[in-house]
């Protein structure tokens, strides 16, 4: 009970802005596929094209055998879609929201309770509460329940974790993994790069094009170049101070509690000496510079820098 | 569909603002137009300066005071007191009879009355002077028949502006019905549809297998019911609070109203299709529907007195035709034979707007 999605050189323009530039990719049946990219990279537009809410200016999209333009009614029957802003009725209770979404897909909460049990159980104690009074994490779970209620074969989630706390984000991804085991194809977009490693495969998008398309592991493997991480006593000003080092340093970006930098062909010792000198003169102590293992964020930032 | 309608009712009943607009507004409007913004006058304080003090001026003063429109507040002694009387602020009019009023009337066949009015409220002043003149004119006709048997005239400065028998509430009720139905049907539906667009729930509904007609019906059905309830409330108020007559067929009136409601709903859907936010929908319905309904439908300002281009514009106002139909049924008590043309025009407009709105309502986001 899952479908594949084939996107063939899809194009979409909004007035003068090219939202998608001849984008092609295939998503396998039962895959948990992630779209990563900053705001404005075309993720939402792509999802709206797949759900047939928009019509492409060129190319086509197939969901299984169905064409997104001509067979849109069929596609809508088998697709569960969770738009970027959780589309819930704030003045309706949790239960009323679910019942409503069930009924517009010609089903009932009772009949399909087993489908959403895992998600819904967590918010069921609050089922009489108005959706507007829920926390971000609970809203997200309710929206997911609403998108799952009609037993979709394809689940499309547009930035489901945006604006949700870290614990809820983690729980949410665990739920997605569970869903995937029931055989649903899941497309999920996120601006958080750390979530990429939880997908089977990811597409890195920027300005309507694909920068990379592979499994998270392979993307990390392909990373070439050296990566250093450093920390000091004064992390507040470290990025500003580093940017004045200049020679040899290519990229500087904050990574968790540390700072990652890349260089142009310097080895560890050379980097160390350049940086330590500079930072010491700016009043930093406890300067630690060491080689770092690249994470998926590093790969993305590197790729985005190249383009 | 049923779930959709139920959901829509939840939205309405849980939102205090909608409830106020839906149920407070009609009642407030009818009462406002009926009582406060009335153009009838009643119990106006006046003063009389009688320089003649003869039997005719006495009788005329009595006529004025006993008419029910005026209360004699003060009897002035001289011209000097007039200004002071107005400045006290409780009188609106001073009636001045000239010297030797009765004598002049007998000798010359005419005598003068001067009316001085507080024109700080021009409309009221106009009306008061019209009522006063009316009473004086009636009296002079009586005099002519009874006592003098020859033409006499009491000359006043003002002319009779309109028929004092005209009760304004009769004119307002059809207008208020029209405004309320327009407001509830068109504005509320357009706002509720654009709200779904704004909140993003429309996106989720659109990706469902529902057909456009199902979505539209689900959204508008509650408003048909509520508009209808409003109509009945207004009719009851008109009947029991203002004793407004209802000469024609009630069933015909309700059927014509349903036609108008459907027209207004279609307009509402059309507005929601072209506006992107609730605010825009509200502005469009306010300035595109409500104001023209109030100003150009003949509800307050007679269409015959408008400049020609505005008269043409008034023809495309559905409310104009609906008000004609309502007045015909309620006040004249005539049947379909007298307003089939207006009904046909309304029907064609309704069909046009329905076709337009279904066409404009898209199952996609652009």
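Results, tabulated for the structure shown:
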quantity	calculated
Among the residues listed as A:75, A:27, the single one being closer than 15 Å to residue A:202 by Cα and either in contact with a strand residue (DSSP E or B) (Cβ under 7 Å, 6 or more places away or on another chain) or without any contact (Cβ under 8 Å) to a residue 12 or more places away in the chain (or both)	A:27
Residues of the range A:144-172 classified as within 22 Å of residue A:194 (Cβ to Cβ) and either surrounded by 23 or more Cβ atoms within 10 Å (Cβ to Cβ) or in contact with a strand residue (DSSP E or B) (Cβ under 7 Å, 6 or more places away or on another chain) (or both), total	8
Selection from the range A:33-65 of residues that are free of Cβ contacts under 8 Å to residues at least 24 places away in the same chain and away from every other protein chain (no Cβ under 11 Å)	A:65
Condition met for residue B:233 (part of a helix (DSSP H, G or I) and either modelled with pLDDT under 80 or outside the structural domain of residue B:334 (by TED's automatic domain parsing) (or both))	no
Members of the range A:91-100 that are within 7 Å of another protein chain (Cβ to nearest Cβ) and touching a residue at least 12 places away in the same chain (Cβ under 8 Å)	A:91, A:92
Residues satisfying the stated conditions in the range A:226-235, i.e. within 29 Å of the chain's Cα centre (by Cα) and more than 13 Å from residue A:256 (Cα to Cα)	A:226, A:227, A:228
The range A:258-296, residues that are over 17 Å from residue A:193 (Cβ atoms) and assigned to a loop (DSSP other than H, G, I, E, B)	A:264, A:265, A:266, A:267, A:282, A:283, A:284, A:285, A:286, A:287
Candidates A:115, A:134, A:88, filtered to the one that is modelled with pLDDT under 90, closer than 20 Å to residue B:198 by Cα, away from every other protein chain (no Cβ under 14 Å) and surrounded by 18 or more Cβ atoms within 10 Å (Cβ to Cβ)	A:134
Complete set of residues in the range B:236-254 that are assigned to a helix (DSSP H, G or I) and within 22 Å of the chain's Cα centre (by Cα)	B:236, B:237, B:238, B:239, B:240, B:250, B:252, B:253, B:254
Positions within the range B:54-71 being within 37 Å of the chain's Cα centre (by Cα), free of Cβ contacts under 8 Å to residues at least 60 places away in the same chain and over 14 Å from residue B:96 (Cβ atoms), in sequence order	B:62, B:65, B:66, B:68, B:71
For residue B:185: the one exception among (1) crowded, with 20+ Cβ neighbours inside 10 Å; (2) out of contact with any helix residue (DSSP H, G or I) (no Cβ under 6 Å at 6 or more places or on another chain)	(2)
Residue in the range B:4-15 that is more than 14 Å from every other protein chain (Cβ to nearest Cβ) and either farther than 30 Å from residue B:228 by Cβ or exposed (fewer than 14 other Cβ atoms within 10 Å of the Cβ) (or both) present	no
Residues that are at pLDDT below 90 and surrounded by 17 or more Cβ atoms within 10 Å (Cβ to Cβ), drawn from the range B:343-360	B:354, B:357
Those helices (runs of 4 or more DSSP H) lying entirely in the range A:78-189 with at least 1 residues under 16 Å from the mean Cα position of the chain (by Cα)	A:136-148, A:166-181
Some residue of the range A:140-148 being without any contact (Cβ under 8 Å) to a residue 24 or more places away in the chain and within 13 Å of another protein chain (Cβ to nearest Cβ)	no
Per-region count, the range A:180-207, residues within 19 Å of residue A:6 (Cβ to Cβ) and without any contact (Cβ under 8 Å) to a residue 12 or more places away in the chain	0
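The values are calculated or read from the model by the stated rules, or taken from the named source; none is laboratory data. Just so it is clear, the structure is predicted and the values come from calculations on it, not from any experiment. Neighbour counts are summed over all protein chains in view; Cβ atoms, including those assigned to glycine, are modelled from backbone coordinates with ideal geometry.
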